[in-house]
Amino acid sequence: MEKKVTIVGAGHVGATAAITLALKDIADIVLIDIVEGTPQGKALDMMQMAPICNFNSKITGTNDYKDTANSDVVVVTAGLPRKPGMSRDDLLSVNAKITESVTNEIVKYSPNCILIVVTNPLDVMVNLAMEFSGFPKNRLIGMAGVLDSARYRTFLAEELDASPGDVQGMVLGIHGDKMLPIPRFTTVNGIPITELLPKEKIDEIGERTKVGGGEIVKLLKTGSAYYAPGISITVMVEAILKDLKKKLPCAVYLEGEYGISGVFLGVPVILGKNGVEKIIELNLTEEELEALKDSAASVKDNMDAMHKINMSER
Ligand code: APR
């Protein structure tokens, strides 16, 4: 196929992204992992779905970055997932080292790719990927908003007994407890949810969304969510490869937008063939803006914490 996508990390999230992307039939896929056999085995298994599902994407498993050369999009899912009792920030030190080594390899073999980071804590890891890659900000994107919004939409659909696809809405800010669901911009086929639900219920659903990932970690006990994260990646990759100009919440580098600078944070953007083609600046209320700035402050705290860990280890 003309397009090539590499997925780093053939674990739960990476493999789910690979198979959902293959079902779209828009690119060849390279699945790479540090563990020998895992990406090869999973790729082989997935390829045996091709005749049944009728896709032509070629899926290759490898441990050699040479095979990832000249990818159009690279998705990084390599790293540890959360276990019960852990916050995303508890993954900081170990996943930072993985992100560093992975980013260096990607840059070597696909210097022109668009890089989507998924490894947690997301907002910090994508920032790190920028430091290590030197990529321009349009080619660096963190996946979180599509997933967090999907969780919000799912909980709202359940409450409203609505078809989930009819619920449109957005969650902005950090991929953590200070994320920001925006009820004002959330509708069911155009009807604002503020017309359909009392404020207390909307707030309750917002709070559940903020800890939506943790709810799944508690149930799974051995790791974190991967089905919805995997398909969220695929939505973003498809928007880029097909140049769909989709308006999606993504973690992107802010330089003054929303009065925030020097951090990656979830805001609505236009995703197309050049990656982040535009950051959409919404007219937020003072309260929403304050909450977004608070969210950005948390990302900065995490960045500082990570740099301190790095300094003490040198
Ligand atoms: N290079 C390549 N792959 C690596 C490396 C590395 N340096 N280090 C670890 N991996 C691989 C592991 O071998 C494993 O196959 O990353 C994969 C991670 O898979 P899982 O443990 O199943 O974790 P997963 O649930 O997929 O989550 C991955 O995404 O959503 C985030 O918080 C989540 O940070 C976590 C990441």
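Here is how the numbers come out for the structure above:
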item	result
Rounded to 5, percent antiparallel among DSSP beta bridges of the chain	50
For the stretch 271-278, 3J(HN,Hα) per residue [Karplus equation, 6.51 cos²θ - 1.76 cosθ + 1.60, θ = phi - 60°, Hz, x = Gly/Pro]	9, x, 5, 8, x, 7, 8, 6
11 Å reach of a label modelled at LYS137, 7 Å along Cα-to-Cβ, counting backbone N of the stretch 237-253	252-253
The stretch 145-304: C-alpha gyration tensor shape, a/c 1.5 cut-off, then a/b vs b/c	rounded
Packing-based order for 244-251, 233-240, using average beta carbon neighbours within 10 Å, highest first	233-240, 244-251
Most mobile of GLY214, GLY37, GLY145 in a GNM of the chain (Cα contacts under 10 Å)	GLY37
3J(HN,Hα) from dihedral phi, the stretch 199-207, Karplus parametrisation 6.51/-1.76/1.60, rounded to Hz, x for glycine, proline	4, 4, 5, 4, 4, 4, 5, x, 5
Table column - 3J(HN,Hα) (Hz), the stretch 115-127, Karplus curve with 6.51, -1.76, 1.60, x for Gly and Pro	9, 10, 9, 10, 4, 9, x, 3, 5, 7, 5, 6, 4
Projected label distance in nm at LYS24 and ALA50, using a 7 Å step from Cα toward the beta-carbon	1.9
Cα-Cα pairs of the chain separated by more than 37 Å (percent)	12
Amide H contacts under 5 Å for THR60, placed H, 5+ residues apart	ILE29, VAL30, LEU31
Inverse mean reciprocal Cα-Cα distance (Kirkwood Rh) of the stretch 258-313, Å	13.2
GNM top mover of LYS178, LYS83, LYS201 - the chain, alpha-carbon springs below 10 Å	LYS201
Surface/4 estimate of mean projected area, convex hull on alpha-carbon atoms of the stretch 211-298, nm²	6.9
Choice from LEU289, LEU271, LEU122 showing the highest fluctuation, given a GNM over the chain with Cα pairs closer than 10 Å	LEU289
Sites LYS273 and LYS58 - FRET efficiency at Förster radius 22 Å, r taken between beta-carbons, to 0.05	0.55
Per-residue [θ]222 nm for the chain (sum of -39500 (n - 2.57) over DSSP H runs n ≥ 4, rounded to 500)	-14000 deg cm²/dmol
Global form of the stretch 46-130, assessed from the alpha-carbon gyration tensor, a/c cut-off 1.5	oblate
Amide hydrogen neighbours beyond the local backbone of VAL263, cut-off 5 Å, H modeled	LEU254
Distant-in-sequence amide H partners of MET49 (H built 1.01 Å from N, under 5 Å)	none
Whole-Å semi-axes of the stretch 121-237's equivalent ellipsoid (Cα gyration tensor)	27, 17, 13
Per residue value of the accessible surface for the chain (all protein chains in place, 1.4 Å probe), Å²	45
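The values are calculated or read from the model by the stated rules, or taken from the named source; none is laboratory data. Given the structure is predicted, the values throughout are model-derived calculations rather than measurements. Heads up, the Cβs are rebuilt from the backbone with ideal geometry, glycines too, and the neighbour counts pull from every protein chain shown. These area figures cover heavy atoms from the full protein model, side chains too; ligands, DNA and RNA do not enter into them. Shrake-Rupley method; radii C 1.70, N 1.55, O 1.52, S 1.80 Å.
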